[in-house]
Amino acid sequence: MAAKKSTATLDVTGLKCPLPVVKASRALAAMKKGERLVVLSTDRASVPDMIGWAKADPRVIVERQEERTADATTVFVHTLRRTASL
Amino acid sequence: MAAPRRKALVAHRRATRAKVPTLPPALAAAVRAHVREEVARALAADRRSRVTRGANRATIIVFSGDLDRVMSALILANGAAAVGMEVSLFFTFWGLGALRRGTIVAGDGALSRAFTALTPSGLSRLGVSRLNFGGVGAKLLRTMMKQKGVASPEELLALARESGVRLVACTTSMDVMGLSPKDLVPDIEIGGVATYLGDAADSRITLFI
């Protein structure tokens, strides 16, 4: 097993539903099993959306979600992991 | 004052505590590892079964030709495609206006020509279901959506195509609306009620918008 799997970052700040999930889905589809994708979003709905996505789609796991606030802007940081393709 | 009693109580508990046999550390570790492995295997099987259990499709009938409703359908379609579902959109009646290619007068015969001239000639010409005011409302909504970072209906339709969303126009309602395939944007499938039923029977989600 590889010691460290690569992590990509996707910035979808400013975009509204369904674009954060749509773009994250495309990025993740091109990734390999075990790789991580960090998604930065300003859309509050992206928090439950990522959870819903992972529930419906076996290709993704939401590992971590956090809120970062700087200069009165809140950014939601989602750490997703690509699981086995079917 | 209460100290002797507490002492007695502690002694009593100690004496009556159930004797749990302890496993040798190596064996305990092996058991823990085994349980962890089994749980992981069961979880993985469950995740797989969610998609293999049945087709994972969403089917939406777009009946309305209101911009806001068509937007809802397109947003849902893109979202469903993004979460790995197969998606079909069936356009009927007023919804066909979203697929017209922009020619104001379409169809053959006076009635069709008059009817098509009076109905929106494409996605860009759709009005909103409330406060449209002859198209001003739709313009306002588009401006507001753009400001807020919401994708435009045109972008959503293009995205849907890219994601492989099936776009089907219903023939019967095309006839009723005076439209033929040449009046629609390219690459639209032509289908009927059984096309819808075939996909809907395979779907876990089906909506009429």
Net length gained if the chain between B:ALA18 and B:VAL176 were fully extended (0.36 nm per residue, minus Cα distance): 48.8 nm
Accessible carbon and sulfur surface of region A:7-82 relative to its total accessible area, %, 1.4 Å: 52 percent
Cβ neighbours within 10 Å from other chains - mean over A:25-37: 1
Residues in region B:62-83 that, when all protein chains are in place, have 50 Å² or more less accessible area than the chain alone would give (probe 1.4 Å): B:ALA82, B:VAL83
Buried solvent-accessible surface, both chains (B, A), 1.4 Å probe, Å² to nearest 100: 1500 Å²
Positive minus negative residues near B:GLY65 (Lys, Arg vs Asp, Glu; Cβ under 10 Å): +2
Per-residue mean of C-beta atoms belonging to partner chains within 10 Å, peptide B:150-161: 2
Violating pairs (Cα-Cα greater than 25 angstrom) within the set A:LYS33/A:LYS55; A:LYS23/A:LYS55; A:LYS23/B:LYS148; A:LYS23/B:LYS182: A:LYS23/B:LYS182
Region B:57-208, relative contact order [Cα under 8 Å, separation at least 6], %: 35 percent
Rounded to 5, the percent of DSSP beta bridges in chain B classed as antiparallel: 10 percent
Residue-level accessible surface for B:LYS139, protein heavy atoms, 1.4 Å, Å²: 150 Å²
Accessible surface of chain B [probe 1.4 Å, protein heavy atoms]: carbon and sulfur percent: 62 percent
Cα centroid separation, region B:164-209 to region A:43-70 (Å): 33 Å
Surface accessible to a 1.4 Å probe, per residue, for the residues of the protein assembly as shown, Å²: 59 Å²
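The values are calculated or read from the model by the stated rules, or taken from the named source; none is laboratory data. Owing to the predicted nature of the structure, the values given are computational and were not obtained by experimental measurement. Cβ coordinates were reconstructed from backbone atoms using ideal geometry, including for glycine residues, and neighbour counts include every protein chain displayed. Keep in mind that these areas ignore ligands, DNA and RNA; they rest on the heavy atoms of the full protein, side chains included. Shrake-Rupley method; radii C 1.70, N 1.55, O 1.52, S 1.80 Å.
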